[in-house]
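Beneath this line is the structure, given in structure tokens, with notes to follow.
Rule-based calculations on the coordinates, nothing more; no lab input. Here the structure is a predicted model, which means the values were calculated and not measured. Here the Cβ is made from the backbone with ideal geometry for all residues, glycine too, and neighbour counts use every protein chain on show.
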Amino acid sequence: MAQLLVEGDELVVGLTRPEKFWGFHGNVRVPLAAVRSVSVPEYPLLALRGWRMAGTGIPGRIVLGTRRHADGYDFTAVHGQQRAVQVDLNGPPRWQRLLVSVPPDVDVEAEADRIAAAAGIARS
């Protein structure tokens, strides 16, 4: 399952080998300075925007890859009904939002707090 990692001054969505294959994408890297807000949506599948451009989508099971919408692009790695961390970014050049499920044994609230602290912002 994908992991949200802080490496230096970057936030990295570390994907597993199968996620890279099915998501048609490698690890996603964004500067921590671009993080605008971090939240935990109650229903991650309802936080999805736009339509799938590249990747895999099985309704109710997995949404993995790039999604396009009116404002640009989001990257998603959402697995079923698992809780997820939503990271909204300051926009271009590439991503506007990252939505990543966390493993069931990880506290999603603590994960969101960790990302917000690394970005130097208060969690939404």
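Using a simple charge model, +1 on the beta-carbon of Lys and Arg, -1 on the beta-carbon of Asp and Glu, nothing else, what dipole does the chain show about its Cα centre, in debye to the nearest 20?
Its charge dipole is roughly 540 debye.
Determine the equivalent ellipsoid of region 84-124 by diagonalising the alpha-carbon gyration tensor, then write out the semi-axes as square roots of 5 times the eigenvalues, largest first, rounded to whole Å.
Its equivalent ellipsoid spans semi-axes of 20, 13, 6 Å.
As an exercise, identify the GluC sites (Glu not before Pro) in region 1-89 lying in DSSP coil whose Cβ has no more than 16 other Cβ atoms within 10 Å.
Answer by residue number: Glu42.
Round to a whole angstrom and tell me the spacing of the C-alpha centers of region 11-37 and region 46-69.
14 Å
Over the alpha-carbon set of region 1-54, divide Rg by the Kirkwood Rh and report the Rg/Rh ratio to two decimals.
0.98
Using the alpha carbons of region 3-119, what is the convex hull volume per residue in cubic angstrom, as a whole number?
Residue-normalised Cα hull volume stands at 95 Å³.
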